[in-house]
Amino acid sequence: SYPRDIDSDLEKARGAGVDVVFTPTVKAMYPRGFQTMVSVHELEKHLCGLSRPGHFTAVATVVLKLFNITSPALAVFGDKDYQQLLIIRKMIEDLNLDLEIIGVPTIREPDGLAMSSRNKYLNDEQRAAAAALPRALKEVRKACTKGEKDAGNLIALAEGLLKAESLIKPEYVKVVDAHTLEDIGVISGTGSVLVQAAVRVGRARLIDHILI
């Protein structure tokens with residue numbers, strides 16, 4: 001269900017100096033009778049995994065297949081999909097793959113919205129409303145910097161800002177441990193904390209986060 005534009009992708013690849021592009025068909029990746037799946041059990045239980053059961057099992061499976069087919073020395077993933085990056089890194093560790101995973105920072109539009117293929121689904125009005133997502137997370141960071149450590153209060157702050165935009169339907173706002181993705185009640189200052197939100201704007205499901 002993701003927007004796909006192979007011609008545009010190939011043009012970008014050429015511009016970046018890419019020599020070879022591997023674009024297998026669905027049939028090639030999942031032949032008749034395919035039944036083996038890979039699951040990173042605990043990390044899948046949180047955040048987007050709650051509303052998208054099976055999604056991260058599918059992600060881990062196809063990524064492992066691609067690694068086995070291409071035997072890369074390194075692979076690059078965006079930090080924007082934080083849970084996905086964490087799951088892939090855990091899979092690499094648990095299965096002893098000789099592979100370096102590189103996370104790259106989220107690239108943002110001038111108004112702060114994280115770049116994503118899903119943004120193509122937004123019309124002009126929805127696109128303007130979607131910018132409330134990074135703004136809400138920015139306000140959470142400000143509140144935390146000023147001393148607010150209660151996760152419930154930070155969640156309420158973000159949800160209030162998101163709900164103020166009539167075109168945004170919040171799915172969740174979570175304050176979790178950045179390593180285990182388990183919910184936390186109070187930010188203690190002893191470890192990294194992830195504040196992540198998922199919203200729906202028209203056809204698009206958008207996610208964003210900050211690390212504290």
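Quick notes
- Residue in the stretch 4-19 that is within 30 Å of Lys174 (Cβ to Cβ) and in contact with a Ser or Thr (Cβ under 6 Å, 6 or more places away or on another chain) present: no
- Residue ID - nearest to Met115 (Cα to Cα), chosen from residues in the stretch 191-204 that are assigned to a strand (DSSP E or B) and in contact with a helix residue (DSSP H, G or I) (Cβ under 7 Å, 6 or more places away or on another chain): Ala204
- Subset of the stretch 27-38 [outside any loop (DSSP other than H, G, I, E, B), over 26 Å from Arg89 (Cβ atoms) and not charged (D, E, K, R)]: Ala28
- Within the stretch 80-121, considering residues that are in a helix (DSSP H, G or I) and farther than 24 Å from Ser51 by Cα, the one least open to solvent (accessible area, probe 1.4 Å): Ile92
- Criterion: under 30 Å from Val173 (Cα atoms) and surrounded by 10 or more Cβ atoms within 10 Å (Cβ to Cβ) - qualifying residue of Phe34, Phe56: Phe56
- Flag if Glu125 is of a type outside the set (Lys, Arg), open to solvent by 80 Å² or more (accessible area, probe 1.4 Å) and either touching a residue at least 40 places away in the same chain (Cβ under 8 Å) or not in a helix (DSSP H, G or I) (or both): yes
The values are calculated or read from the model by the stated rules, or taken from the named source; none is laboratory data. Bear in mind that the values here come from a model prediction, so they are computed numbers and not experimental data. So basically every Cβ, Gly included, is an ideal-geometry build from the backbone, and we count neighbours across all protein chains shown. With ligands, DNA and RNA removed, areas are computed over all heavy atoms of the protein, side chains included. Shrake-Rupley method; radii C 1.70, N 1.55, O 1.52, S 1.80 Å.
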